[in-house]
Amino acid sequence: MNLSLLHTPDGVRDFYGSELDLKNFLMNRFENNIKLFGYDEIQTPTLEFLNVFVDDDVNYESKTFRFIDRDGETLVLRPDYTPSVARCVAKYFSDESYPLRFFYKGNAFSNKGLYEGKAIEVTQMGIELLKDDTYLADAEVLMIVAKNLISIGLEDFKICVYTKEGNLDRLNKTLAILEKEGYKKYIDVDPDIDSNFKYYTGMIFKVYTYGVGESICKGGRYNSLLGKYGEEEPAVGCVFMIDNILQSLKKQRINVNIDKDTKTYIVYSDSKEAEAFEQAESLRKQGKIAVVVNDNLFDDKLKDSCKENGYEVINV
């Protein structure tokens, strides 16, 4: 065994087993909640041109993974979804005048120094509500944040919110809606809240909980960003830091009930292969998961796993 080939680079990691099951469940739960508000999924490329992320207000250049393509253009691994979505909207939806609602999910990459001890590949999921400059849109984003976190069992979190333009009247109207819907205890008005992303123009917020030193969600209003790619349009959104949320669930020992798909193991002896495959295929046609395994490979460890998970075992 070549041990040198088993390690991953600093800042990235593998997900598998129950942890991956929880991660997928969490993202599916969030997606279902988000779709109830009328959001459609959008996918942007992992690779973008560097200038998508660099301008006078935002400069990712020092913390991006950069590549030179065959034409001499500088490409980067996506460090942030919002500029990518803004570019895409400016390209394909510039003629639309009605509010646009998109959500995304995937990985983002930040070329941080090793001394920082942070992940350089993180899973993100977020929403962008574009071409709507009302305070109701701000409230909608905050409401989705609260609903998502509550839906996975998180209760001890705070949405620290303020406004960069000092429009406290608008902020108070936004928060009044949240309070009316029963989310007051999750809101904390914090004048010291800030963001590394300078494209925010109005409401800005970060969400904190126990067990993780960084925010688990952040966002705000960015009315000037789309103007970089085309016509200036109002927009508001947020990003859920999925890996941080997983860590907080673990640290707080919150048990999330995941409805796992049950399996049936078809254990066959030699000369019974055809019968085993036929029986397994019959179960699959019924929408059931069927696993075919030779009895010589059905060892004690696999038997214990089936018993522990409640999987049916059929011997043929």
Filter result for residue 250 (over 21 Å from the mean Cα position of the chain (by Cα) and surrounded by fewer than 18 Cβ atoms within 10 Å (Cβ to Cβ)): no
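May I ask you to say which residue of 163, 209, 264 is of a type in the set (Val, Ile, Thr) and farther than 30 Å from residue 109 by Cα? Spell out the reasoning first.
Numbers: 163 fails: farther than 30 Å from residue 109 by Cα; 209 fails: farther than 30 Å from residue 109 by Cα.
Just a single option satisfies the conditions, and that option is 264.
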Which listed residue is surrounded by fewer than 17 Cβ atoms within 10 Å (Cβ to Cβ), in the same structural domain as residue 163 (by TED's automatic domain parsing) and among the polar types (S, T, N, Q), from 195, 215: 195
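For the range 110-149, how many residues are touching a residue at least 12 places away in the same chain (Cβ under 8 Å) and not in a strand (DSSP E or B)? So that I can check it myself, show each step before the final result.
Residues of the range 110-149 touching a residue at least 12 places away in the same chain (Cβ under 8 Å): 110-112, 114, 118-133, 135-149.
After this cut, where a residue has to be not in a strand (DSSP E or B) as well, the list is 110-112, 114, 118-120, 131-133, 135-149.
Total satisfying the criteria: 25.
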Count of the range 215-237 residues which are hydrophobic (A, V, I, L, M, F, W, C) and within 21 Å of residue 166 (Cβ to Cβ): 3
Some residue of the range 137-160 being crowded, with 16+ Cβ neighbours inside 10 Å, β-branched (Val, Ile, Thr) and modelled with pLDDT under 95: no
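Of all strands (runs of 3 or more DSSP E) completely enclosed by the range 1-109, which ones contain at least 1 residues that are closer than 17 Å to residue 124 by Cα and touching a Leu at 6+ places or on another chain (Cβ under 9 Å)?
Details: elements: 47-49, 66-68, 74-77, 100-109.
In the range 1-109, 47-49, 74-77, 100-109 are the strands (runs of 3 or more DSSP E) which contain 1 or more residues that are closer than 17 Å to residue 124 by Cα and touching a Leu at 6+ places or on another chain (Cβ under 9 Å).
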Helices (runs of 4 or more DSSP H) wholly inside the range 208-316 that include at least 2 residues being in contact (Cβ under 8 Å) with a residue 40 or more places away in the chain and in contact with a Lys or Arg (Cβ under 9 Å, 6 or more places away or on another chain): 242-251, 300-309
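Any residue that is assigned by TED's automatic domain parsing to the domain that holds residue 220, among the charged types (D, E, K, R) and crowded, with 18+ Cβ neighbours inside 10 Å - is there at least one of those in the range 24-38? Walk me through it before giving the result.
The first filter runs over the range 24-38 and keeps only residues assigned by TED's automatic domain parsing to the domain that holds residue 220, leaving 24-38.
Subsequent filtering for residues that are among the charged types (D, E, K, R) retains 29, 31, 35.
Still in the running and crowded, with 18+ Cβ neighbours inside 10 Å: none.
Checking the range 24-38: not a single residue is assigned by TED's automatic domain parsing to the domain that holds residue 220, among the charged types (D, E, K, R) and crowded, with 18+ Cβ neighbours inside 10 Å.
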Search result, residues across the range 179-207 that are touching a Lys or Arg at 6+ places or on another chain (Cβ under 7 Å) and part of a helix (DSSP H, G or I): 186
Scan of the range 153-182 for residues that are without any contact (Cβ under 8 Å) to a residue 60 or more places away in the chain and of a type in the set (Gly, Ala, Ser), ordered by number: 166, 176, 182
Any hit, the range 183-193, residues being closer than 23 Å to residue 79 by Cα and free of Cβ contacts under 8 Å to residues at least 40 places away in the same chain: yes
Candidate set from the range 250-273 (those that are modelled with pLDDT of 95 or more and among the hydrophobic types (A, V, I, L, M, F, W, C)); member that is farthest from residue 127 (Cα to Cα): 267
Hits in the range 89-143 - residues which are more than 23 Å from the chain's Cα centre (by Cα), of a type in the set (A, V, I, L, M, F, W, C) and within 26 Å of residue 173 (Cβ to Cβ): 136
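The values are calculated or read from the model by the stated rules, or taken from the named source; none is laboratory data. Just so it is clear, the model here is predicted, and its values are computed rather than measured. Cβ sites come from the backbone with ideal geometry, for glycine too, and all protein chains shown count toward neighbours.
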